[in-house]
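Nothing in this text is a laboratory measurement; each read-out follows from the coordinates by a stated rule. These figures come from a predicted structure and were not determined experimentally. Every residue, glycine as well, gets a Cβ built from its backbone with ideal geometry; the counts of neighbours run over all protein chains shown.
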Amino acid sequence: MFAQPEKHAPFFIKMRPACLVFIFGGQKVRCDRIANEIRMQFRRDKKTGPTVSLQESLDTGKDDSALTLSDLLQDTACMEENCEKKDDAARLRGLIEALPARERQLIVLRYGLGGQPPLTQLETARLLGISRSYVSRLETHAMDLLRQQWG
């Protein structure tokens, strides 16, 4: 009933009534386990989808220069978005500079705009010698002023 392994074969198969058993290097592996591994691999592949490299060669010219996908894609959207962010940051800096001195100092400390890490309301309160609730009120007032000016 069982097939005898050949000496030169890397694996052999035993037939059972309900299942095939593969023997790889002396280790038995049932067919249902192999089928399960194949299904899991299909699920993993389905989640990730097809992966394409931007550096993959699409075509090679006469002078052996490769045309890649990144050569064909435009990155103007990224450049425009970057310019918009820079414009918005410059506009916000100007609005912060126009705030009253106390609110400006508080915003700079709370959000780390002066090159230092942002501080909590409690740390800001201790540094300015005021209560944490007053820091909260000043911050709310400063943010309202910025929102009004932003338009």
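Selection of first residues in the range 125-148 that are part of a helix (DSSP H, G or I) and of second residues that are loosely packed, with under 15 Cβ neighbours inside 10 Å and polar (S, T, N, Q), restricted to Cβ pairs under 7 Å at least 6 apart or on distinct chains, gives the following pairs, ordered by first then second residue: 125/131.
For the range 88-115, a tally of residues being over 17 Å from residue 141 (Cα atoms) and either in contact (Cβ under 8 Å) with a residue 60 or more places away in the chain or assigned to a loop (DSSP other than H, G, I, E, B) (or both) returns 4.
With respect to (1) aliphatic (A, V, I, L, M); (2) in contact with a Phe, Trp or Tyr (Cβ under 8 Å, 6 or more places away or on another chain); (3) within 16 Å of residue 146 (Cα to Cα), the lone exception for residue 125 is condition (3).
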